[in-house]
Structure formats: C-alpha cells, structure tokens
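Read the structure below first, then the notes.
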C-alpha cells in the first residue's frame, strides 16, 4: 500500500530472464504498474523483452510497449511478427499508436496498414498528418461525443458502452451533425442530474478549445491555466477532430521546460534521456555553438590587440580582465534567463518591453554600483588609484550594458518570431564579453593616457 | 465556441468600473471563465474589485478570489468584512483556503477561526501545519472515501451526495476504520460495474501513494509518471490525510521548472511574476551571487599576476585570454545544464555517475580537439607558431577540465543533499575560468620559456 511495494527487486527478475524463465519473471513483474515494468525491462535485449511481453495479456503488452523508449520500440518492431505487431497496435491508444507508426520504416508502415481495421487506418493517417510540434500531433481521437437531445440516462448508457475504449469519459463533447462543438459536459454533472434532464440544458456552452494547428505549448498552457482534464481540438472549419488530455499536457510541459533549459546553455534539441543518448549525439548537440562562440570571441581578441600599447604599459589591467568581462556576462545571463522564462510561461508579453527596459536600467545601475564598490579596494591594492578608478567605472558600464543585452535579446528574437530561448547564457555572455573588452580598454586608454 | 469568444474586451469593462457601474461590468464579465475574470480585474484597486466581486454568486466570488495574486488577496482581505471573508473562505477549496489563511496577519487569523465551522477550522489547522515545500502543504482534503463493503449502487449514491463539495469524484479511496487505504476505485469503474458488485472486489489494491512529508516535487513526479488524476497522501502512520490532484501538480511542476531555470543563472527564488516584482526584490535576488562571483574571480586575477613576466614578454597571449576562458566556461555550463535537468526529471540517478564521467571525458576530448583546430589558424596569424601551439593545447585541456567541473558539480551537490541546480552556469563558468587562467599561463610559461 505504501511506496515500498513499488520498489522493484531486480535481482530475482534478472536471474529468471538470464535463465530464459520468462513466465516466472513475468509473474514477479505483474504486481507492478505497467510504467514500472517498462522502466525495468528496457535494459534487456529486444529478444528477451519480446519473450517477456508474450507472457502478458495483449492490452498490458500494448501499454508496456507504449512506455518503452522509442529506440527500443523500433528494435522490438523488428522482432515482432506483423500479426503480433498489429495486435499490439490495435490495443495502443490512438496518440501513442500514431507516434509509433510515424517512426517505423516506410516499408513496414505499408505492410501494416492493410491489416489494420479501416477505422484505425484512417485514425493513423489523420493523426500522423499534423505537423510535429502542433496540437494535432499530440491529440488523441479517444473521446466521447453526445447529441444535445440525449437525456442524462441515454448519455450515461452511451458512456458505459464506450468506456472500455476511450482514454477519458470524464468530459464529453456535445456536437451537431457537422461535428461542431455545441457544449461540454462532465461525467460529474451527468451523474448529479436527474435521469431525464436533457444534455443541452445542462452542458456548458462557453467551450474553450484549441486548433489542431496551434503550437502544442500554447494548448498545454491553456490546459494548465483552466485546470482542464482535456481540451477539445478543432480543425480550420471548427469541427471537432480530437482532444488533448492533461497527462499528455504534463509530458509536453516537461519536454518544453527541458528544451528551454538546454537552450539556456546552447545545447541542441535532445531526443530522449541523457543517460541513453549516444556520444555522437551529445557531441553534435554541443559543438556547433561552441565553435560559433569561438569565432565570436575573435572580436574580443582583435579588440585587445588594438589596445596593445596601453596594456603593455599597464600590465595590471590584464589581472582584472576575466573579472570584468565575467561580471558583465553574469549580469547579462541573469537578465536573459528571467526574460526567457517569463516569456515562456506567458508572465511577460511584448508590450511590457518598454517598461521593463526602464526598470532594468535602474536595477543594473544598482548592481553595477555595488560591484564597483566591491572591486575598488582590490583595484587599489593591485594597480594603484588610477587603475582602481578605471576598473570601478568599467564595472558599472559593463554590468549595465550586459544586463541590457541580456534583457533585450529575448524580446528581439521573439519579435523576429524566433525562439527567445536562443538568447542563451553563453550567447549573451559572449556578446557581453566583446562589449566588455572594448569598454574596458577604451576607458583605460582614455583615462590612463590623459592622466 | 472557438477561442475568440475568450478574448476579453477590456474597453467597456474599464469604462463601467471607472464610472462605478459595477453590476454592468459584472454582467459583461460573467460570460468568461473565472480564471480570466481574475486576470482581468487584478489591475484595478482593491476597493473596486471588492465592489465587483459583490456582484457575483458567493461560490464564484470564492473561485475568482483564489485566482487573484497573493498580494491582491491580502489587500482585499483588508476591505472585506469578517463576515464576507468567512463566506468566501467557506467556499474556497481547502488547499487554496489554507494557503490564503497562512498569509493573513496573525490577528486576522485569530478573529476568523472562531467564526468558521469546526470542520473547516480543523481542516485549516491540519493543512497549514505541514512544512512549506512538502506534499502536505499542497494537498487538499476534498476527496471521497468509500467503505470496502459498499455496493457500486451505494458508492454512486455517496458520490452523488458529496459531489458538490469535492474537488474530484473521479477517484475514490477505499479505507478501513483507521483510515488506512485498502484500495482505489475510479468513477469509470463504478459506472461500468453491475449495481450490486462489491467495491472490495473491484478496487485496485496496489495503491501508489505519497507521504505528507515527501517533497512536493517528488510527489508531482509520481503523478506525472503514472498519469494519475490524483494521488493519496498518507501520514507517518499510513493513514489517509489528503490527496494531490493533477492540476495542482501542473502548477508545482511549472514553479519547479522556473526555479531551476532561475538557479541556472544564480537568481534567487522569485515569488510571483517578474512583471510585478519590486525593483528591490529583483536587485536582492541577483546581487548576492554577482558579488560572490566577483570575489571568486580575484583568484584568476592573482593567477595572472603570478605570470606577469611571461605575459609582458608575449603580449599576444592576452588576445586569447577571453576566448580560452570563455570556451572552458561554455563547455562546462553545457555539461552542468544537461546534468541538472537530468537529475531534476529523474532521468539520471547518482549511480550513473561513474559511467557518465567516462562518457564525458570522451565527448569533452572531441569538443576540445575540434575547437583547438578552429583556433590554431588564428593563433598562427596573431602570435606565430609557438603561441598557436600553446593556445591549441590549452583549448583541449580547458574544455576537458571545464566539462568535468560542470558534470561533477551537480552530482557532488546532490550527494551533499544540496540542490544540484545551484551548479549554475555562472558558478561553473567562474570555476572553469580560474582553472583556465592557471592552465593557460602555466602551459605558456613552460612551453614558451623552454622553447
């Protein structure tokens, strides 16, 4: 009853699987939730998993299968006969099925389609036809529709009849003959109402919906905002074509947060888990930006070369170079991070820009001043009063410039319809660095040469 | 029916409110969802909101109230008479009520408690007694319990009777006389079963639960993993004390992602929206780390001072300083970001450490080599063959050291029971910078002085 029951003991299961005693292993596994079973068996060979799955009822096979990592699903698809694969496919939920189908090699797709029932075939065709990242690509067709003329008793009978096959029966959509949504009604409301009350008198008519072409993140934000169990999805002609459920919404939200998080360090889009990612995939996802940033940094090198004279004369200036450029970069990446996340969660919108810039100038001035005071003493100790003055002044300017770059970049990217999350810490840092080098040595050149 | 209906037209509403025509404004607002009403009216003065709310039925008042920002709730609490406040409190869901109550000044809390019914009073006392951040602090007491001896017909009758007051009736918990959970049953299952079937024969007995003392993030991860609508929460004696529902889980997950995201740029915990945060709050959240990083950077300054001789002799070395230390920092913050997120989502656990370190060494070597090749040519152009060799060699070493710092720090923090997200980009960058300066000039000193 408590969690402890859920900690799977791997020892005996591994022993059974190594000895090819699959029915014994399955017996032990059957106590657990299908998610946990999938996470336990995904470490074995495809052939062993195939044998293990055979020990489960077909609907559990389908569910465990849908929780396996995508690459493992593909390996298993090679093992499974077309007949078994069809059976598993039939028992998967429409959205998982369409996802899986999409990834199969074309030849395999074509050999499978004729065997599936027409309804499933049409369903796959429809669900796989939406662009990746759109609401259509994550929706499911597993929902119940009701007629407005139904009584609650009739509605309940229809729900009972369809409950087995549907992902959710807790919200039903009331549609007209053209599948246009007239209203929504929850099972909660149907249960509470008198049996002969009409659905059209009970249903909520102010239905909040999404379009299949909307981005999936936008739809997920709507589900979270209104605390929906599911949201109806419409095509361009306002006809109901699917729903997105809260559980898929949670997966999408986590994926989106991870993606933004990775972009924050200029890491390309990661598919699947870091643990399982191939070395080359990780290398590829990181190298492009690193090399681009190297070339970006050539400007700071050129900037320094330009000021070679003042540097040779005051070598102490070099001591403070990492400190100053880091401070600008750090302040800038703080601003960028605040803005990227606020834009992603919808806390801040484009029209807030002017007001926020004004606030940022004040905050950055405060930050820069505090840091200038912090470094003044060190400046005097290492380079004398002149150098200390240059360093303190540079600090204020650098922190302000860095913060403004960090704050503006996400807005500018958003304005250009690019992803604000591309305003990552390393990008902002590099931009702040280049500005920092130029500001530092220009100020030094001016102040120390006239001094 | 489509979204367009939902775009609130602020113009006429503002006009009505400015003219103190509250019932007219409320008439316009009533078409919208309570979330949207709250987000629309939160821009007005507390006094106006108070007048507006009075135009709504008491349960809508309570719901709109619970969607208002916390500071606005506090302002309103001053406006509302104790009687009205009590009415609103009674109609709020137990978790929102406890949250709100917790924030009231103590005097106000004490004046309210006697007026509330004993059940609500006990409920508030219990829900506010859990530590912030724990599962107990986000759970609600709005759930239905059933006896195992009930028939489905009896269970349905009880659900009908309690449906009005409960946040969810879609999952019911079957408990014994000591409130120990025997099983869980969904409304779905009750509806499908014959009316005289016994609950104990239908319920799932393998109940996955959380403890009130578990961290809320852990419980949310469980809800997301198993696609639950709600998870039962137990006290230390395994008695049922509450549930956490999927919608609260979505809020917690978003909050946690935002927090980790901000930590990635060393921004302290932000309460509420960036748009509304005070200047001082933003300053305070950013300055501490910035100043700490300034002092961290003094080490790199000292390192450079130590190598003053080799620098004065080869001033070209300075040109490459920002480039090299940035590269180490960037590679390190990439690794740290990957690890922090993977630890937060549970993709990676402590025992993966050794294997992942091995992989990271290989990846970092590849990254470093590619970048070394990229800078070799520039090195030759600006500083000759000797300097180019130093730079290329330094690049490989710096990228590897930076990556290893970035990868290990989250694990070490996690091992010490600290939050891995504290291994933020600026912290890793600063650590990589200090190492970078030392590596760079040591290598230069060694290679150029013996050359």
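Quick note: the coordinates plus some simple rules give every number you see, no bench work behind them. Keep in mind it's a predicted model, so treat the numbers as computed, not measured. Neighbour counts are summed over all protein chains in view; Cβ atoms, including those assigned to glycine, are modelled from backbone coordinates with ideal geometry.
Let me know the shape class of region A:31-75, please: from the alpha-carbon gyration tensor, a ≥ b ≥ c as square roots of the eigenvalues, rounded when a/c is under 1.5, otherwise prolate if a/b is greater than b/c, or oblate.
rounded
Ignore the peptide's own chain and count Cβ atoms of other chains within 10 Å of each Cβ in A:337-350; give me the average, rounded.
Counting other chains' Cβ atoms within 10 Å and averaging over A:337-350 gives 5.
With a 10 Å Cβ neighbour count serving as the proxy for reagent exposure, in which order, fewest first, do B:400, B:407 appear?
Arranged by neighbour count, lowest to highest, B:400, B:407 become B:400, B:407.
Residue B:105 label points, 7 Å along Cα→Cβ, one per copy: pairwise distances from this copy to the rest in nm, shortest first?
7.4
Taking the Cα atoms only, what angle lies between the long axis of helix B:279-306 and the longest principal axis of chain B, rounded to 10 degrees?
20 degrees
On a 0 to 90° scale, report how tilted helix B:58-67 is relative to the longest principal axis of chain B, with both axes built from alpha carbons and the result rounded to the nearest 10.
10 degrees
Inside 10 Å of the C-beta atoms of B:241-249, what's the mean count of C-beta atoms belonging to other chains?
Mean shielding count: 2.
Over all distinct alpha-carbon pairs, what is the Kirkwood Rh of the protein assembly as shown in angstrom?
30.5 Å
Using Cα pairs under 8 angstrom and six or more residues apart, how large is the relative contact order of region B:144-246, in percent?
RCO, region B:144-246: 25 percent.
How do A:118, B:158 line up, fewest other C-beta atoms within 10 Å first?
Placing the least packed residue first, the sequence is A:118, B:158.
Among B:130, B:440, which comes first, second and so on when ranked by fewest other beta-carbon atoms within 10 Å?
Placing the least packed residue first, the sequence is B:130, B:440.
Any chance you could check the Cα centroid distance between region A:374-411 and region A:322-347 for me, in angstrom?
Centre-to-centre distance over Cα atoms comes out at 17 Å.
Give me the Kirkwood hydrodynamic radius of region B:3-129 in Å, from all C-alpha pairs, to one decimal place?
For region B:3-129, the Kirkwood estimate is 15.2 Å.
I need the inter-copy label distances for residue B:201: point set 7 Å along Cα to C-beta, values in nm with one decimal, smallest first.
3.7
For the residue pair residue A:295 and residue B:151, what label-to-label distance in nm results when each label sits 7 Å from Cα along the Cα-to-beta-carbon direction?
7.8 nm
Mind running the shape call on region A:274-450? Use the C-alpha gyration tensor, a ≥ b ≥ c as the square roots of the eigenvalues: rounded below 1.5 for a/c, prolate if a/b tops b/c, oblate otherwise.
Oblate, because a/c is 1.5 or more while a/b does not exceed b/c.
Over chain B, what number does the Rg to Rh ratio reach, with both radii from the alpha-carbon atoms and Rh per Kirkwood?
1.12
Per-residue counts of other Cβ atoms within 10 Å, averaged by peptide: what ranking do you get for B:20-28, A:178-186, highest first?
A:178-186, B:20-28
Quantify how much of the Cα-Cα distance distribution of region A:144-247 extends past 15 Å, in percent.
Value for region A:144-247 (Cα pairs over 15 Å): 60 percent.
Starting from 0.36 nm per residue, how many nanometres of slack lie between residue B:161 and residue B:306 once their C-alpha separation is accounted for?
Between residue B:161 and residue B:306, full extension yields an extra 44.2 nm.
Using a 10 Å cut-off around each Cβ of peptide A:186-193, what is the average number of partner chain Cβ atoms that fall inside?
4
Tilt of helix A:246-263 relative to the longest C-alpha principal axis of chain A, in degrees (0 to 90, nearest 10)?
Rounded to the nearest ten degrees, it is 20.
If each label sits 7 angstrom from Cα along the C-beta direction, how far apart, in nm, is residue A:447 from its counterparts in the other copies?
When each copy's label point is compared with this one, the spacings are 3.5 nm.
What is the distance, in nm, between label points placed 7 Å from the Cα along the Cα-to-Cβ direction at residue A:43 and at residue A:70?
My value for the distance between the label points is 2.5 nm.
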